[in-house]
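All remarks here apply to the structure that follows.
The values are calculated or read from the model by the stated rules, or taken from the named source; none is laboratory data. The structure displayed is predicted, hence computed values, not measured ones. Quick reminder, even Gly has a Cβ in these numbers, built from the backbone with ideal geometry, and neighbours come from all protein chains shown.
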């Protein structure tokens, strides 16, 4: 798991902030920071899919968690967690030469891979460890075994979020949204207090 944090820079809006009492300044900043973090989370999900990763928006959203700013700590943190995603979830299809998957930017075939449902009901994409079946004894009788096998995995959400283009999209969103949202929160508080 890793997190992406950003601290507020209020120099661009100091004049507007000066219209508010100090306790209301923190309130405006806190709201703007939290809304900016939410916008950055949405932009991250959008950019991951724009980069060609075949990951559902719901799965991305579930892996991104916002630790919200408070009046005592004007910092929001987007935490990114998640294990590698089983390759079966990347549109896996059994084809003649192996398994076809779409992880990023089109489909590719993994030669020799196969899709199997395990006794516990888990379905996945696997490959054999070693090239040939081996003769083994089971219940006193020789049989041919294709074991061991290992499951194949796609990238995790943290790995995908570390993509440079995804990071860039997040940074651009933060820069564009924060000042605008802070100005909006200041106006809202001024209007509310004048009533």
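Taken over the range 68-80, residues that are assigned to a loop (DSSP other than H, G, I, E, B) and either touching a helix residue (DSSP H, G or I) at 6+ places or on another chain (Cβ under 6 Å) or under 16 Å from residue 103 (Cβ atoms) (or both) amount to 4. Scanning the range 113-129 for residues that are surrounded by 15 or more Cβ atoms within 10 Å (Cβ to Cβ) and in a loop (DSSP other than H, G, I, E, B) turns up just one, 113. Of (1) at pLDDT below 85; (2) touching a helix residue (DSSP H, G or I) at 6+ places or on another chain (Cβ under 7 Å); (3) within 20 Å of residue 170 (Cβ to Cβ), residue 7 satisfies all except one. Which? Unmet condition: (2).
Residues in the range 177-194: is at least one surrounded by 13 or more Cβ atoms within 10 Å (Cβ to Cβ), more than 30 Å from residue 23 (Cα to Cα) and at pLDDT 90 or above? No, that holds for no residue.
Taken over the range 46-67, the criterion of being closer than 23 Å to residue 184 by Cβ and either modelled with pLDDT of 95 or more or in a helix (DSSP H, G or I) (or both) is satisfied by 46 alone.
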